[in-house]
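S.K.: Please see the structure below; I have some questions.
The values are calculated or read from the model by the stated rules, or taken from the named source; none is laboratory data. As the structure is a prediction and not an experimental result, all values here were calculated from the model. Don't worry about glycine lacking a Cβ; one is built from the backbone with ideal geometry, like all the others, and counts go over all protein chains shown. Heads up: the accessible areas ignore ligands, DNA and RNA and are worked out on the full protein's heavy atoms, side chains in. Shrake-Rupley method; radii C 1.70, N 1.55, O 1.52, S 1.80 Å.
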Amino acid sequence: MDQPGATDWAEAVARARAHAPFLARALDRQPDLEHLLKAGRGAAALQWAADQGTHDDPAIALRWHRLALAAALGVGDLAGAFGLAKVIEELSRFADHALDTAIRTAIVERTGEDRCDGLIALALGKQGASELNYSSDIDPILLYDPETLPRRDSDDPGETAQRYARRIIKLLSDNTGEGYVLRVDLRLRPAAEISPLVVPRGSALAHYQGQALAWERAAFIRARAASGDIAAGEAFLDEIAPFVWRQALDFGAIEEIRALTLRIRETAEGSENPGPGFDVKRGRGGIREIEFFAQTHQLIHGGRDPSLRVRGTRAALDALALAGRIDGDHARILGDGYDRLRVIEHRLQMVNDRQTHSLPDGAALDQVAWLDGMADGAALVAELTDLTRETGRIYEGLIGKETRQIAAPPPPNEQAQWLEELGFDDAAGLASRIEEWRDGRFAAIRTPQALEAFDRLLPGLLKAFAQSDDPARAVTRWQSVLERTQSAISLFHLLVARPAVLDRLVATLTLSPLLADELARRPELLDALIANDPVDPNAKSEAVVAAKTEQMRSGPIRDDYEAQLDCIRHVTSETRFTLGVSLIEAEFPPSVIGAALSATAEAAIAIAVEAASSEFVRAHGRIAGGELVVLGLGRLGGGALTHASDLDIVYLFTGDFAAQSDGKRPLGATLYFNRLASRVSAALSVPTAQGALYEVDTRLRPQGNQGPLAVSTEAFAKYQRETAWTWEHMALMRARVLAGSPQARAEVEAAVSEVLLSPRDDGKLRDAILEMRDEMAKHKTARGPLDVKLLRGGLVDVEFLTHYHQLRRAAELSNSAPDALSPDLMTAIKSMIAADILPRAMAPAYGLMTDMLVAGRLLAPDGNPPPPAAAKAFARACGHKNLEELNAALAVSRQSVARAWADIFEQTLEM
């Protein structure tokens, strides 16, 4: 919009005339435009510039338009009226328009048809990102479709496409009396040294799907269908998206970018530090390094996180910070630095309309500074020195300023002694095993480059293994990873460059048998370990479920049931693994991990129901008015799973049990929903290419294993009212609907509530609970001193105490303290403490033992004290310094539970 005041505009015109000869000449040639600019009519000036592009000769029209636009934007920029975003957007929009005009002109001249079907212009680089500068080249890739390309009947499509390309370049790049439009660089096309200027679409697709180089992936981060047949261009980009955005984390990108950066720095001309000759684009901490920083992180993580697939540099930095991939302060410093460097780049280029990025010397440097409104060249250099020091430091934190000096392993004849000194028992055997690794036994270490990287990693890796609780087992698990990995050179480089990642890998392989075995079976989980996706401890369960559900829906799986199941397994197993690594590193309390495990399982169940139902409908149709409902019980219902938890599930269905489905192969409602429930259980538990997920336990359904897998809500309610045992009502206290429409959820919740709120005889309830607990104590004893579930005074006793009060006082609590009936046991316990029903010590006791249960399933799976390193990790995860301190806290908690048990049941627990 037009600016209200003309003072800054007039001063900007004066600065342009005084310090930018190109802008001065442009204003001399366009006095009407200068009048608008002096008057502060910025929007009108841009429209005036666009109107210059109406000449009958497209070559002249584009040159007039370009000159007017450059002058209008230049003065508006100097006036502070047009910010950087506005300037680069207008320049990029003009480039798109100019390229499209040139394409259409070339086709019209040949065929007489004003259309561009089959001729695609993909914008890369700054044009693709809509970040062009005043004197940018454009780097399009031109593709053609031989079937749809407009041409004369006698024309060969390939020859015609090349004719069009030559004409496009001439229209845009020739420097005539009216100037030029854009310099066009087609060297980014596939196999540019041997390919024609315009590449057949099919050939380009084959190149990117099988032969492309790593730098081409980075180039396509910012690719955009800009001109010509845009719809076809967008379709092409969609087809090559898997090439650009790989699901597997590609940390080799860091090494490639690092090598490229060092080559640029070594071959760069001019000053290394800000001053005359310093290149604001290629210099240390300059524009390109900030772009590389953003693009490297996008290449690494963008395949797994679609929110990072943005084209602009500033937008990418912001997205990376929002996703937790880079530090927020780093994103701000780099983003602000990038914007300022781009402005300075524009000042350099608007002086003489040259594609320059280097600071001049002497009076010319002062001219650039004065054009920008600064005191002199020294002030500009000082600002750039401070700016690039910060941006360069952050960038070097990513790539490493120098190659880290890593000691190589000893020669083979000295390895046994070296390994013995490290502390390995069978040093000679391990030395022989290492030589087998290095002799090309595994695909991951067959190339010279991979072997070199592996040798650099080996000393640090073996030293870490030697310090673990079970070095021999750690080595065996590592060998399993190598056996199943086809390419690991990027991994080796990363582990050397990032000691924290190596520490995380060693912890995973040595502290938790469950995680170590999982990683050994599925080395692709290294991606999750390296990515270390952040866990949000404050995220609501509903938000986690929604996010994971959407993640499981992603990808090309809509019409492929088996692919949907693999996607469920991939996302879920990777998430569970990531949560396990977070637990053993004590990033969050185990109770937080347990809640996240539950939310992940709930998302998997929801998608499994959705996928199985869709597949089932294709064969059998739908049951009118009926649907499958999944009821979670136990730790799943209570939202506190461990890594070893089964999924306690009851399947119900709504609607008329006598109804029949409407598909090609109709089924009665009972059979229909029982088969569908079986499908859902199989989706969650039967192994596929991605492995199995969970053990599904449906024994809590009416009549247990003797009853049907799925029953109607009416039959369920009747069973619970008339037949169910007390233990089944106790289980129902942690029931939660996990899958079903709002209407179905309400129906099931009403049935459960009716059962739980029914009056009970206190004496019979008490006797039944004590009898059940006594039987459990006889037949299921604690496996060891850390089996907090079955130890007397442990979690089972807490659950029995809580459920006793819930069932005994359900009607009363539903009015006075409804949270006391929550399936989340901690919420229920805290509510009962507030109502003076349970002692205050019950909440911390339950919290500690829950943490110990969740952590123990990974670090002390047999209920006995683990080896020293795992014991330390176990205690730390539970908030204590060591196992002795943790055991003391457990003893206090168990005594608190025992006292509450004695007060309520008048029974002394045998501790």
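S.K.: Over the chain, calculate the relative contact order: mean separation of alpha carbon pairs under 8 Å at least 6 apart, over the residue count, as a percent.
M.R.: 7
S.K.: Packing-wise, with mean Cβ within 10 Å as the measure, how do 51-59, 227-235, 326-334 rank, highest first?
M.R.: 227-235, 326-334, 51-59
S.K.: Straight distance only, please: which lysines reach the Cα of LYS789 with their own Cα at less than 17 Å, same-chain residues fewer than 8 apart left out?
M.R.: LYS778, LYS780
S.K.: By how many nm would the segment from ALA834 to GLU383 lengthen if fully extended, with 0.36 nm per residue of separation less the alpha-carbon distance?
M.R.: Using 0.36 nm per residue and subtracting the Cα-Cα distance, I get 156.3 nm.
S.K.: Shifting gears a bit: Are there any GluC sites (Glu not before Pro) in region 73-122 that are in a DSSP loop and have at most 12 other Cβ atoms within 10 Å? List them by number.
M.R.: Qualifying residues, ordered by number: GLU113.
S.K.: May I ask for the percentage of alpha-carbon pairs in region 314-447 that lie more than 21 Å from each other?
M.R.: In whole percent, the long-distance tail amounts to 65.
S.K.: Oh, and also: Could you derive backbone 3J(HN,Hα) for region 202-210 from the dihedral phi with the Karplus parameters 6.51, -1.76 and 1.60 (θ = phi - 60°), listing whole Hz in sequence and x where the residue is Gly or Pro?
M.R.: Residue by residue, region 202-210 yields x, 5, 5, 4, 4, 4, 6, 7, x Hz.
S.K.: Over region 620-742, what relative contact order in percent results from Cα pairs under 8 Å that are six or more residues apart?
M.R.: Answer for region 620-742 is 35 percent.
S.K.: Also, I was wondering about something else. Relative to the longest principal axis of the C-alpha atoms of the chain, give the angle of the C-alpha long axis of helix 362-371, reported between 0 and 90° and rounded to the nearest 10°.
M.R.: 60
S.K.: For the chain, what is the accessible area per residue in Å² when the probe is 1.4 Å?
M.R.: Roughly 42 Å² per residue, with all protein chains present.
S.K.: Report, in deg cm²/dmol and to the nearest 500, the calculated mean residue ellipticity at 222 nm for the chain, where each DSSP H run with n ≥ 4 adds -39500 (n - 2.57) and the sum is divided by the residue count.
M.R.: -19500 deg cm²/dmol
S.K.: While we're looking at this one, here's another question. Only sites in a loop by DSSP and with at most 16 other Cβ atoms within 10 Å count here; which trypsin sites (Lys or Arg not before Pro) in region 79-139 make the cut?
M.R.: Within region 79-139, the qualifying trypsin sites (Lys or Arg not before Pro) (loop, at most 16 other Cβ atoms within 10 Å) are ARG115.
S.K.: Could you work out how far apart the two model spin labels at ARG332 and VAL686 are, taking each label as a point 7 Å from the Cα in the direction of the beta carbon, and quote it in nm?
M.R.: Taking the simple label geometry, ARG332 and VAL686 are separated by 5.4 nm.
S.K.: Also, I was wondering about something else. Could you work out how far helix 713-722 tilts from the main Cα principal axis of the chain, as a 0 to 90 degree angle to the nearest 10?
M.R.: Value to nearest ten degrees: 30.
S.K.: Right, next: Can you give the net charge of the other residues whose Cβ lies under 11 Å from the Cβ of PHE874, counting K and R as +1 and D and E as -1?
M.R.: Once all neighbours under 11 Å are counted, the net charge is +2.
S.K.: Turning to a different aspect of this structure: Residues with amide H under 5 Å of PHE653's amide H, sequence separation 5 or more or different chain, H placed in the peptide plane at 1.01 Å from N; which?
M.R.: Residues meeting the criterion, in which the H sits 1.01 Å from N, are VAL629, VAL711, SER712, THR713.
S.K.: Pull up the cross-link candidates among the lysines for LYS281, meaning alpha carbon to alpha carbon under 21 Å and not fewer than 8 places away within one chain.
M.R.: Within reach: LYS86, LYS126, LYS401.
S.K.: Given 0.36 nm per residue, what is the gain on full extension from GLU722 to VAL108 after removing their alpha carbon distance, in nm?
M.R.: That works out to 212.6 nm of additional length.
S.K.: Looking at the chain only, what percent of DSSP beta bridges run antiparallel? Nearest 5 please.
M.R.: Roughly 65 percent of the DSSP beta bridges within the chain come out antiparallel.
S.K.: I'd like the FRET efficiency for GLU754 and GLN209, computed as 1/(1 + (r/R0)^6) with the beta carbon distance as r and R0 of 56 Å, rounded to 0.05.
M.R.: Taking R0 as 56 Å, the efficiency between GLU754 and GLN209 is 0.40.
S.K.: Report the residues of region 367-401 in range of a label on GLU272: point 7 Å along Cα→C-beta, backbone N strictly under 19 Å from it.
M.R.: 382, 384-401
S.K.: Is region 411-492 rounded, prolate or oblate when judged by the Cα gyration tensor, a ≥ b ≥ c being the square roots of its eigenvalues, rounded requiring a/c under 1.5 and prolate requiring a/b larger than b/c?
M.R.: Cα axes put region 411-492 in the prolate bin.
S.K.: Less than 10 Å Cβ to Cβ from SER712, Lys/Arg counted +1 and Asp/Glu -1: what total charge do the surrounding residues give?
M.R.: -1
S.K.: Could you work out how far apart the two model spin labels at ARG699 and LYS664 are, taking each label as a point 7 Å from the Cα in the direction of the beta carbon, and quote it in nm?
M.R.: 4.0
S.K.: Ok, one more. Give me the number: length gained by fully extending PHE243 to ALA902, i.e. 0.36 nm times residue separation minus the C-alpha to C-alpha distance, one decimal in nm.
M.R.: Stretched out fully, the PHE243 to ALA902 stretch lengthens by 230.7 nm.
S.K.: Please list, ordered by chain and number, the residues whose modelled amide H lies under 5 Å from the amide H of ARG183; skip anything fewer than 5 residues away on the same chain.
M.R.: Hits under the 5 Å cutoff: ILE138.
S.K.: Using amide H atoms built 1.01 Å from N in the peptide plane, name the residues 5+ places from ALA739, or on other chains, whose amide H lies under 5 Å from its own.
M.R.: Answer set, sorted by chain and number: VAL630.
S.K.: Leaving ligands, DNA and RNA out of it, report the carbon-plus-sulfur percent of the accessible area of the chain at a 1.4 Å probe.
M.R.: Solvent-exposed carbon and sulfur of the chain make up 50 percent of the total.
S.K.: A further question follows. If I take the Cα coordinates of the chain and project them onto the principal axes, what are the three extents in Å, biggest first?
M.R.: On the principal axes, the chain reaches 104, 75, 61 Å in Cα extent.
S.K.: So if R0 is 22 Å, what FRET efficiency would ALA43 and ARG340 give, r being the distance between their Cβ atoms, rounded to the nearest 0.05?
M.R.: 0.30
S.K.: Between region 623-690 and region 136-182, how far is it from one alpha carbon centroid to the other, in angstrom?
M.R.: 59
S.K.: Could you calculate, for region 734-840, the ratio of the Cα radius of gyration to the Kirkwood radius, expressed as Rg to Rh?
M.R.: Across region 734-840, the Cα-based Rg/Rh ratio is 1.01.
S.K.: Quote the FRET efficiency, to the nearest 0.05, computed for ALA563 versus ARG152 with a Förster distance R0 of 45 Å and r equal to the Cβ-Cβ distance.
M.R.: Approximately 0.50, to the nearest 0.05.
S.K.: Which value in nm describes the separation of the simple spin-label points at LYS170 and ARG393, placed 7 Å from the Cα toward the beta carbon?
M.R.: 5.5
S.K.: Where in region 437-472 does the amide nitrogen come within less than 17 Å of the point 7 Å from the Cα of GLU421, taken along Cα to Cβ?
M.R.: The answer is 458-467, whose backbone nitrogens lie closer than 17 Å to the label point.
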